[in-house]
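The values are calculated or read from the model by the stated rules, or taken from the named source; none is laboratory data. Just so it is clear, the model here is predicted, and its values are computed rather than measured. No Cβ is skipped: glycine too gets one built from the backbone with ideal geometry, and neighbour counts run over all protein chains shown.
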Amino acid sequence: MADIVEIVAPVPGLVAAVAVAAGGAVAAGDPVVTLQAMKMEIEVPSEHAGTVEQILVAEGQEVEMGAVLARVRRS
């Protein structure tokens, strides 16, 4: 089953780093984006193994809680 899974921001914050590129493979638990919020860095992982379909944010961008950061095609 090849579903598209959205990776969303768990908190509002600043995108500090994007760890993967579109087309790259991720394992469950791999960090996709790192957010800075409340003077902390929060890694946002992929919950599923698969292929990154889209990265929807850029470093330095402010995001709201629940914003879609990336989409992964589950393998």
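Some values worked out for this structure:
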read-out: Residue in the range 5-28 that is of a type in the set (D, E, K, R) and not in a strand (DSSP E or B) present; value: no
read-out: Members of the range 42-75 found to be acidic (Asp, Glu) and out of contact with any Lys or Arg (no Cβ under 8 Å at 6 or more places or on another chain), listed by number; value: 43, 47, 59, 62, 64
read-out: Index of the failed condition, residue 47 passing every other in (1) modelled with pLDDT of 95 or more; (2) part of a loop (DSSP other than H, G, I, E, B); (3) not aliphatic (A, V, I, L, M); value: (1)
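For every residue, the table says whether it meets (1) touching a residue at least 24 places away in the same chain (Cβ under 8 Å); (2) among the hydroxyl-bearing types (Ser, Thr, Tyr); (3) out of contact with any Gly (no Cβ under 9 Å at 6 or more places or on another chain); (4) surrounded by 15 or more Cβ atoms within 10 Å (Cβ to Cβ).
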| residue | (1), (2), (3), (4) |
| --- | --- |
| 22 | yes, no, yes, no |
| 32 | yes, no, yes, yes |
| 39 | no, no, yes, no |
| 48 | yes, no, yes, yes |
| 60 | yes, no, yes, no |
| 68 | yes, no, yes, no |
| 74 | yes, no, no, yes |
